[in-house]
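Accompanying notes for the structure given below.
The values are calculated or read from the model by the stated rules, or taken from the named source; none is laboratory data. This is a predicted model, so every value here is computed, not measured. Counting neighbours? That spans all protein chains shown, and the Cβs are built from the backbone with ideal geometry, glycine included.
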Amino acid sequence: MRGERLRVFSGTAHRELAQGICSHMGVPLGAATLEPFPDGEVNLKLDCDVRGADVFVVQPTCPPVHDHLFQLLSFADCLRRASADRITAVIPYFGYARKDRKDEGRVPINAKLVANLLVTAGYHRVVAIDLHAAQIQGFFDIPVDHLYARPVLIERVRQLETHNLMIVSPDIGGTKLARAYAKELGCDLAIIDKRRISGEKTVIENIIGDVGDRDVILVDDMVSTGGSIVDAVRIVKKKGARKVYIVATHAVLAGNAIERLNSAEVEKIFFTDSVPVPTSKLDKVEVCSVAQLLARAIDRIHRSESISILFESER
């Protein structure tokens with residue numbers, strides 16, 4: 001039985017995940033009314049006492065990003081004014097993480113802006129899973145616990161019947177993540193050399209490694225429009241791969257991503273539930289839950305215990 005001072009709340013982004021976390025922890029989901037005003041503005045009211053409580057707000061900032069982000073900010077302000085002792089934002093998917101630097105002139109660094117907003121709103125700590133850019137942790141002046149979904153996904157990958165397995169990164173930027181998968185699974189690694197034309201279009205240049213007669217697992221931290229990962233499927237099949245699987249943490253699935261994934265020549269697609277996954281619209285998807293991982297992290301933070309045990313081996 002957990003202490004009465006612990007409270008877990010959820011925005012509207014992914015209430016099912018929050019309920020799963022609470023189920024693993026054996027605590028009820030905090031009662032709150034969150035309904036929009038007629039003009040779309042956030043209308044939030046806590047329906048339980050949080051004075052002196054250790055509070056966790058579960059809210060991935062997935063599309064619609066602005067709505068979910070502002071709910072997250074509203075919770076912090078509400079909880080601070082209601083005298084909560086500590087407020088932690090549990091953000092399984094951290095939106096705006098791709099804008100982590102000025103890669104050209106006259107552009108914002110939105111990841112830093114979001115970090116500033118969360119701290120100013122009143123959060124004391126942040127928990128996130130598989131940040132698109134790990135350096136975002138340094139944008140905060142509060143503790144950030146960066147968890148990895150890899151153990152959850154690898155547990156499922158080990159159950160697959162594969163032949164001569166190879167991990168493939170769909171681009172150079174994902175090499176570190178793919179190498180970690182390959183090391184833990186004890187298999188080879190290949191890398192696809194990709195040149196980006198725009199936010200939605202890429203050109204595959206080359207593949208570093210021989211995927212001929214191999215079962216391939218394409219690994220990425222997120223699938224947004226699906227263009228890169230589907231191009232990667234096409235190129236490894238063209239180079240002689242036998243079976244192809246996609247493994248990714250965040251199923252953002254913007255634009256035509258669902259149609260692209262359904263048309264891809266893959267055996268199976270594995271996502272986590274860091275964001276809601278439209279399983280009814282995807283033909284070959286399987287969802288691996290991160291609820292238990294987050295529950296363990298929340299429990300250890302609440303007890304003032306180290307959570308490095310959850311990710312030490314993943315570095």
Practice problem: Could you check how many residues of segment 64-103 are surrounded by fewer than 16 Cβ atoms within 10 Å (Cβ to Cβ), in a loop (DSSP other than H, G, I, E, B) and in contact (Cβ under 8 Å) with a residue 40 or more places away in the chain? | Solution: 1
Practice problem: Mind counting the residues in segment 247-279 that are more than 20 Å from the chain's Cα centre (by Cα) and not in a loop (DSSP other than H, G, I, E, B)? | Solution: 4
Exercise. Using the structure shown, decide if P60 is more than 14 Å from H302 (Cα to Cα), in contact (Cβ under 8 Å) with a residue 40 or more places away in the chain and either among the basic types (K, R) or part of a loop (DSSP other than H, G, I, E, B) (or both).
Key: yes
Quiz item: Is it the case that segment 142-158 has a residue that's surrounded by fewer than 17 Cβ atoms within 10 Å (Cβ to Cβ) and small (G, A, S)?
Solution: no
Quiz prompt | Residues located in segment 239-284, provided they are under 27 Å from R15 (Cβ atoms) and of a type in the set (F, W, Y) | solution = F270, F271
Quiz item: Taking the stated definitions as given, is T33 on the phi < 0 side of the Ramachandran plot and surrounded by fewer than 21 Cβ atoms within 10 Å (Cβ to Cβ)?
Solution: yes
Quiz item: Has segment 125-140 got any residue that is touching a helix residue (DSSP H, G or I) at 6+ places or on another chain (Cβ under 6 Å), of a type in the set (A, V, I, L, M, F, W, C) and in a loop (DSSP other than H, G, I, E, B)?
Solution: yes
Practice problem: Could you tell me which residue of segment 152-174 is nearest to I298 (Cα to Cα), considering only residues that are part of a helix (DSSP H, G or I) and modelled with pLDDT under 95? | Solution: G174
Exercise. Being surrounded by fewer than 16 Cβ atoms within 10 Å (Cβ to Cβ) and at pLDDT 95 or above narrows it down to one of S280, S289, S313, S308, so name that one.
Key: S280
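Residues are listed down the side, and each one gets a yes or a no for (1) touching a helix residue (DSSP H, G or I) at 6+ places or on another chain (Cβ under 9 Å); (2) modelled with pLDDT of 95 or more; (3) in the same structural domain as L113 (by TED's automatic domain parsing); (4) over 26 Å from L131 (Cα atoms):
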position: P28; (1), (2), (3), (4): yes, yes, yes, yes
position: P36; (1), (2), (3), (4): yes, no, yes, yes
position: D47; (1), (2), (3), (4): no, yes, yes, yes
position: A53; (1), (2), (3), (4): yes, yes, yes, yes
position: R81; (1), (2), (3), (4): no, yes, yes, yes
position: D85; (1), (2), (3), (4): no, yes, yes, yes
Exercise. Please tell me if V211 is free of Cβ contacts under 8 Å to residues at least 60 places away in the same chain, among the aliphatic types (A, V, I, L, M) and not in a strand (DSSP E or B).
Key: yes
